[in-house]
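Okay, structure first, notes after.
The values are calculated or read from the model by the stated rules, or taken from the named source; none is laboratory data. What you are looking at is a predicted structure, and each value in this text was computed from that prediction instead of being measured. All Cβ positions, glycine included, derive from the backbone under ideal geometry; neighbour counts span all protein chains shown. These accessible areas exclude ligands, DNA and RNA; they are computed on the full protein's heavy atoms, side chains included. Shrake-Rupley method; radii C 1.70, N 1.55, O 1.52, S 1.80 Å.
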Amino acid sequence: MATYHNGINYSYDSEDLIKELKMDIVEFGKDKEFYAWYKIIEGVKIYTNYDFILDEKPLSAQEIKPDEKVEIISGYELLAKLKKQNSPV
(Lines give C-alpha, C1' and ligand atoms only; values in the text may rest on other atoms or scores of the structure.)
Protein backbone atom coordinates (compact mmCIF):
# COMPACT_ATOMS: atom_id res chain seq x y z
CA MET A 1 0.00 0.00 0.00
CA ALA A 2 1.31 3.42 -0.87
CA THR A 3 1.24 6.31 1.56
CA TYR A 4 -2.27 7.78 1.84
CA HIS A 5 -2.96 11.38 2.85
CA ASN A 6 -5.98 13.68 2.41
CA GLY A 7 -7.70 11.28 0.04
CA ILE A 8 -4.66 10.90 -2.21
CA ASN A 9 -2.31 7.91 -2.55
CA TYR A 10 1.40 8.66 -2.88
CA SER A 11 3.97 6.23 -4.24
CA TYR A 12 7.72 6.89 -4.56
CA ASP A 13 10.20 4.60 -6.33
CA SER A 14 12.38 3.22 -3.53
CA GLU A 15 13.57 -0.07 -5.04
CA ASP A 16 17.28 0.84 -5.00
CA LEU A 17 17.14 2.08 -1.40
CA ILE A 18 15.27 -1.06 -0.34
CA LYS A 19 17.85 -3.37 -1.92
CA GLU A 20 20.75 -1.47 -0.37
CA LEU A 21 19.12 -1.28 3.06
CA LYS A 22 18.31 -5.01 3.06
CA MET A 23 22.01 -5.75 2.55
CA ASP A 24 22.98 -3.36 5.35
CA ILE A 25 20.44 -4.98 7.69
CA VAL A 26 21.87 -8.43 6.96
CA GLU A 27 25.38 -7.15 7.68
CA PHE A 28 24.71 -4.85 10.65
CA GLY A 29 21.39 -6.02 12.11
CA LYS A 30 17.83 -4.70 12.05
CA ASP A 31 18.36 -2.45 15.06
CA LYS A 32 21.26 -0.52 13.50
CA GLU A 33 20.32 3.16 13.37
CA PHE A 34 20.78 5.33 10.30
CA TYR A 35 20.35 8.92 9.26
CA ALA A 36 17.29 9.02 6.98
CA TRP A 37 16.68 11.94 4.64
CA TYR A 38 13.10 12.84 3.87
CA LYS A 39 10.97 15.52 2.24
CA ILE A 40 7.46 16.61 3.09
CA ILE A 41 5.46 16.62 -0.13
CA GLU A 42 1.87 17.81 0.21
CA GLY A 43 1.93 16.80 3.88
CA VAL A 44 3.41 13.34 3.23
CA LYS A 45 6.83 12.26 4.55
CA ILE A 46 8.80 10.71 1.67
CA TYR A 47 12.14 9.06 2.50
CA THR A 48 14.74 9.75 -0.19
CA ASN A 49 18.06 8.49 1.19
CA TYR A 50 19.85 7.10 4.22
CA ASP A 51 23.40 6.80 5.53
CA PHE A 52 25.38 5.37 8.43
CA ILE A 53 25.81 7.35 11.62
CA LEU A 54 29.55 7.70 12.14
CA ASP A 55 31.01 9.25 15.28
CA GLU A 56 34.18 10.22 13.46
CA LYS A 57 32.23 12.03 10.72
CA PRO A 58 29.12 13.77 12.09
CA LEU A 59 26.42 14.89 9.71
CA SER A 60 26.96 18.46 8.54
CA ALA A 61 24.37 21.04 7.52
CA GLN A 62 25.84 21.05 3.98
CA GLU A 63 24.69 17.45 3.53
CA ILE A 64 21.05 18.44 3.97
CA LYS A 65 19.32 20.23 1.09
CA PRO A 66 16.99 23.13 1.94
CA ASP A 67 13.85 21.08 1.19
CA GLU A 68 15.03 18.04 3.19
CA LYS A 69 15.10 16.97 6.80
CA VAL A 70 16.96 14.15 8.52
CA GLU A 71 15.93 11.82 11.31
CA ILE A 72 17.55 8.90 13.06
CA ILE A 73 15.70 5.63 12.51
CA SER A 74 16.41 1.90 12.83
CA GLY A 75 17.07 -0.03 9.65
CA TYR A 76 14.07 -2.27 10.26
CA GLU A 77 11.68 0.66 10.72
CA LEU A 78 13.09 2.49 7.69
CA LEU A 79 12.74 -0.64 5.55
CA ALA A 80 9.05 -0.91 6.44
CA LYS A 81 8.50 2.75 5.54
CA LEU A 82 10.40 2.41 2.24
CA LYS A 83 8.37 -0.67 1.28
CA LYS A 84 5.13 1.17 2.01
CA GLN A 85 6.06 4.24 -0.01
CA ASN A 86 7.35 2.05 -2.87
CA SER A 87 4.03 0.25 -3.28
CA PRO A 88 2.05 1.13 -6.37
CA VAL A 89 -0.82 3.53 -5.84
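Any idea which residue in region 4-23 is farthest from GLN85 (Cα to Cα), counting only those that are surrounded by fewer than 18 Cβ atoms within 10 Å (Cβ to Cβ) and modelled with pLDDT of 95 or more? The selected residue is MET23. Selection within region 63-89: residues that are among the aliphatic types (A, V, I, L, M) and open to solvent by less than 30 Å² (accessible area, probe 1.4 Å). The member of this set that is farthest from TYR12 (Cα to Cα) is ILE73.
Restricting attention to region 24-52 and to residues that are more than 26 Å from TYR10 (Cβ to Cβ) and more than 14 Å from the chain's Cα centre (by Cα), the residue that is least open to solvent (accessible area, probe 1.4 Å) turns out to be GLY29. For region 51-59, the condition holds for no residue, the condition being that it is modelled with pLDDT of 95 or more and among the basic types (Lys, Arg).
Residues in region 33-89 that are acidic (Asp, Glu), without any contact (Cβ under 8 Å) to a residue 40 or more places away in the chain, closer than 19 Å to LYS19 by Cα and part of a strand (DSSP E or B): 1 in all.
Filter region 8-32 down to the residues that are outside any strand (DSSP E or B) and closer than 23 Å to PRO66 by Cα and list them by number. Answer for region 8-32, where residues must be outside any strand (DSSP E or B) and closer than 23 Å to PRO66 by Cα: SER11, TYR12, ASP13, SER14, LEU17.
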